[in-house]
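The values are calculated or read from the model by the stated rules, or taken from the named source; none is laboratory data. Because the structure is a prediction, the values reported are computed rather than measured. In this analysis, Cβ positions are derived from the backbone assuming ideal geometry, glycine residues included, and neighbour counts consider all displayed protein chains. Just so you know, the surface numbers come from the protein's heavy atoms only, side chains and all, with ligands and any DNA or RNA stripped out. Shrake-Rupley method; radii C 1.70, N 1.55, O 1.52, S 1.80 Å.
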Amino acid sequence: MEKVDVVILGAGAAGMFCAIEAARRGRSVLVIDQAKSPGEKIRISGGGRCNFTNLGITAERFISRNPRFALSALKRYTQWDFIERMDQAGISWHEKTLGQLFCDGSAIQIVNMLTREMHEAGAQLWLNTQIRHVRAGFEVETSRGLVRAEKVVVATGGKSIPKMGATGFGYQIAEQFGLRIVETRPGLVPLTFAEQELEHLRPLAGVAVEAKVRTGATFQEPVLFTHRGLSGPAILQASSYWREGEVLRLDLLPAGGMEAALRALRQSEPRIAIRTALARYLPEKLARYIDARLGITSSIGALSNAALADVTTLVHDLALKPVGTEGYRTAEVTLGGVDTDDLDARTLEARNVAGLYFIGEVVDVTGWLGGYNFQWAWSSGWAAGQAV
Ligand SMILES: Cc1cc2nc3c(=O)[nH]c(=O)nc-3n(C[C@H](O)[C@H](O)[C@H](O)COP(=O)(O)OP(=O)(O)OC[C@H]3O[C@@H](n4cnc5c(N)ncnc54)[C@H](O)[C@@H]3O)c2cc1C
């Protein structure tokens, strides 16, 4: 039987970060993961360059029943702390857009930095190891034998991308020890449409446009039309707020001015079709889609102010009703998770189970697209690492 001070379940971003901190404090630490290598999501994130944090970390960028819960950890281990860590390790990075920081080279550099730091601090890592059961006390039953530990940190992530080994196992442990779970659902995920709507949208597949998308929150970023529906950063962001049955409202020309432009074209080029007029401001295929929805056959010169106002409404306030999402298969994150009311914000320890901690994505804290989720993993891992 293996005996350690701290056993950490999951060698993802949060688990590895916690292991480094705890081991540096002199605790004996064992990290267990079923995967064959650690930090797989770091490796594939951000198109292989890992959007590892964001310059603008605020409570508003996190979705949770209590978005302020995350602030304690986020303020004690900040984006600047992680940036300093990257600089010390000699990993170069750049800001892409909206405060999002990416590696200049491969995301593997971050995985290597974390595994090296774990090793140097003396933390053990068991890979290819199934975690079968966690018993009070604590005893962790694994495919490599029994592990006894004073403290258990659950860092098994959410349900997103089962093909990469996501299991939702952390929620089971939480429930087993009497913690509540805020309902989980896929987030940062493409939205899908019913066949009837798709018939009209499918010809747009491949079109990308900067748009303002409104659901529970408003996002202005690129929208991508796909064969299944809608994707792109603005849609992924909106998907975390969208609820089944809700309509999505898109402003396809967020700079505004559609109505004034159409009126001017009515004067200057009265013979052109409305589709031609729209194509001056929108991608051709999108102009055709709007035109088909309007069903206007006459040229722009024959249109009344009211008709132009209808065209404008479709461009600035296009209503589309998704039927669902692509689900956990492609979702970048899992919304919901271990109820923050049952955790101490400073240490991430369960309020009613001494020695049991939950960090990273398994907790009901989900960031926007843009490096927020990794910052939560670093910050929550760091906070628990000081306490275990
Ligand atoms: C395609 C993709 C791209 C992303 N890009 C970004 C990005 O650029 N920026 C950003 O901020 N966020 C990004 N994210 C989100 C980010 O990856 C996660 O929020 C973050 O990895 C969560 O860290 P974690 O340590 O909590 O969980 P994870 O990284 O998911 O780690 C959990 C670990 O636990 C292990 N595990 C699970 N169940 C068991 C079990 N039963 N037994 C043993 N081990 C188990 C898993 O194998 C895994 O190694 C992306 C996500 C995806 C899917």
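The residue that is farthest from I8 (Cα to Cα), among those in the stretch 139-169 that are at pLDDT 95 or above and among the hydroxyl-bearing types (S, T, Y), is S143. Once the stretch 22-46 is narrowed to residues that are closer than 14 Å to K151 by Cα and within 14 Å of the ligand (Cβ to nearest atom), the residue that is surrounded by the most Cβ atoms within 10 Å (Cβ to Cβ) is V31. Select from the stretch 47-83 the residues that are more than 14 Å from the ligand (Cβ to nearest atom) and among the aromatic types (F, W, Y) and list them in ascending order. Matches in the stretch 47-83: F69, Y77, W80.
Restricting attention to the stretch 342-350, does a residue exist that is more than 10 Å from the ligand (Cβ to nearest atom), part of a helix (DSSP H, G or I), modelled with pLDDT of 95 or more and not assigned by TED's automatic domain parsing to the domain that holds I8?
Keep residues of the stretch 342-350 that are more than 10 Å from the ligand (Cβ to nearest atom), which gives 342-350.
Remaining after also requiring part of a helix (DSSP H, G or I): 342.
This time we only want the ones that are modelled with pLDDT of 95 or more, so: 342.
The next check asks that each one be not assigned by TED's automatic domain parsing to the domain that holds I8; those that pass are none.
Scanning the stretch 342-350, I find no residue that is more than 10 Å from the ligand (Cβ to nearest atom), part of a helix (DSSP H, G or I), modelled with pLDDT of 95 or more and not assigned by TED's automatic domain parsing to the domain that holds I8, so the answer is no.
Taking the numbered list (1) assigned to a strand (DSSP E or B); (2) out of contact with any helix residue (DSSP H, G or I) (no Cβ under 6 Å at 6 or more places or on another chain) in turn, V213 passes all entries but (2). Taken over the stretch 365-375, the criterion of being under 20 Å from Y171 (Cα atoms), open to solvent by less than 10 Å² (accessible area, probe 1.4 Å) and near the ligand (Cβ under 7 Å from one of its atoms) is satisfied by G367 alone.
Taken together, the criteria exclude L188 from residues that are more than 9 Å from the ligand (Cβ to nearest atom) and not aromatic (F, W, Y).
Quickly run through the stretch 166-188 and pick out the residues that are open to solvent by 60 Å² or more (accessible area, probe 1.4 Å) and under 25 Å from I42 (Cβ atoms). Matches in the stretch 166-188: T167, Q172.
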